[in-house]
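Read the figures in this text as sums done on the coordinates, not as results from a lab. Here the structure is a predicted model, which is why all the values come from computation and not from measurement. No Cβ is skipped: glycine too gets one built from the backbone with ideal geometry, and neighbour counts run over all protein chains shown.
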Amino acid sequence: MRGEAKMKIWKTLLIVLAIAVVAGASFFMLQPKGAAGEAVCGDNICSANESCWNCGLDCSCNSNEFCSNQEKKCVKTVCGNNVCEPFESSDNCCTDCKCLAAGEVCNSESKKCELQKFNVSDEQAKSIAENYIDTQNQTTTNSQNLGYGTYYGELIKIVMIETNDSIEYVGVTESGNAVKLPVMG
């Protein structure tokens, strides 16, 4: 019996060893292959002739860097080069990424979009809009400033006027002129 038990142990050890050899060989066979000394994309090593451009698996960029299509390597975002690059926006680099909202201009020091100075106050804009509605033979029951907009390329303050019959929208220019705006829907 003792001989049979030893034989079973040896057989079991041989089977485990054979499984280990097959598994190890499979692992090495599945690894990327290249000529001796040649870099292989996908081996988790960023070699000298690899970059984010030709092997993003091995070579990734650091934070605040991006893989440049022109340079084909990682480059840092540079505010002020007149190119709106990844990680830049009108909120943090309006010199490169233009301000989009009506009435905003780029502050070159803070590099943030800011509302440009408007020479007509909110109260003046409401008064001008209400007077305009009066000239249209309507009576203002309520008025409210809605913010800024543009009308034929000119910055305006938009005032909503409620009358007995309707709601009107009036744009007030910086020079104090009023214009009836189309109904916003």
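Observations on the structure shown:
- Stretched out straight at 0.36 nm per residue, the stretch from residue 107 to residue 11 would grow longer than its current Cα-Cα span by 26.5 nm.
- The simple spin-label model puts a point 7 Å past each Cα toward its Cβ; for residue 65 and residue 98 those points are separated by 3.2 nm.
- Pairwise FRET efficiency - residue 89 versus residue 117, Cβ, R0 = 25 Å, nearest 0.05: 0.60
- Tensor-based shape of region 122-181 (alpha-carbon gyration tensor, a/c under 1.5 rounded, otherwise prolate or oblate): prolate
- Over all distinct Cα-Cα pairs of region 65-154, the Kirkwood formula returns a hydrodynamic radius of 16.4 Å.
- Relative contact order (percent, whole number), region 122-181, Cα cutoff 8 Å, 6+ residue spacing: 30 percent
- Taking 13 Å as the cut-off, the amide N atoms of region 68-106 that come nearer than this to a point 7 Å along the Cα-to-beta-carbon line of residue 54 belong to 72-73.
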